[in-house]
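So the structure is just underneath, and the comments pick up after that.
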Amino acid sequence: MIYIKEIHPTDGWQIRHNEEDGVLFRQHQSMNERVDVGQTCMMKLALEMPALVDEMDDAVATAYNGMPERLYLVGADGRIAYKGGVGPMYFQPAEWEEAIARHLEESGSR
């Protein structure tokens, strides 16, 4: 997982769902702040996968058009093995997990 800039920061376009869930973060002003918020999100969501943090220039978010809620699987060769749809309606973790299992099986990594 790669944590990117805040999509609905308190100092920008905030949404009711974030307010109800207490997900209230301003847009990051420094890399340290981005890392801290990313760690908080990982803990609150109880995510156990490895996570990286996009740089302040948002290069990863720009390259992959990773928002909102897009899942990718990048193989060991650096090629995209799975690309999910854009937006909450196409956020399919089960489909992504199947793609991971299939990719591992095909690559003999299991």
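Screening segment 21-107 for helices (runs of 4 or more DSSP H) wholly inside it with 3 or more residues that are of a type outside the set (A, V, I, L, M, F, W, C) returns the ranges 31-44, 93-107. Among the residues of segment 54-110, those that are modelled with pLDDT of 85 or more and β-branched (V, I, T) comprise V60, T62, V74, I80, I100.
Which numbered condition trips up K44, out of (1) modelled with pLDDT of 90 or more; (2) surrounded by fewer than 13 Cβ atoms within 10 Å (Cβ to Cβ); (3) not small (G, A, S)? Every condition holds for K44 apart from (1).
Does Y3 meet the test of being in contact with a helix residue (DSSP H, G or I) (Cβ under 9 Å, 6 or more places away or on another chain), touching a residue at least 40 places away in the same chain (Cβ under 8 Å) and aromatic (F, W, Y)? Spelling it out, Y3 is indeed in contact with a helix residue (DSSP H, G or I) (Cβ under 9 Å, 6 or more places away or on another chain), touching a residue at least 40 places away in the same chain (Cβ under 8 Å) and aromatic (F, W, Y). When each of V37, V53, V23 is tested for being closer than 25 Å to Y82 by Cβ, surrounded by 12 or more Cβ atoms within 10 Å (Cβ to Cβ) and β-branched (V, I, T), the lone residue that passes is V53.
The values are calculated or read from the model by the stated rules, or taken from the named source; none is laboratory data. Worth saying up front: this structure is predicted, and the values here are computed from it rather than measured. Heads up, the Cβs are rebuilt from the backbone with ideal geometry, glycines too, and the neighbour counts pull from every protein chain shown.
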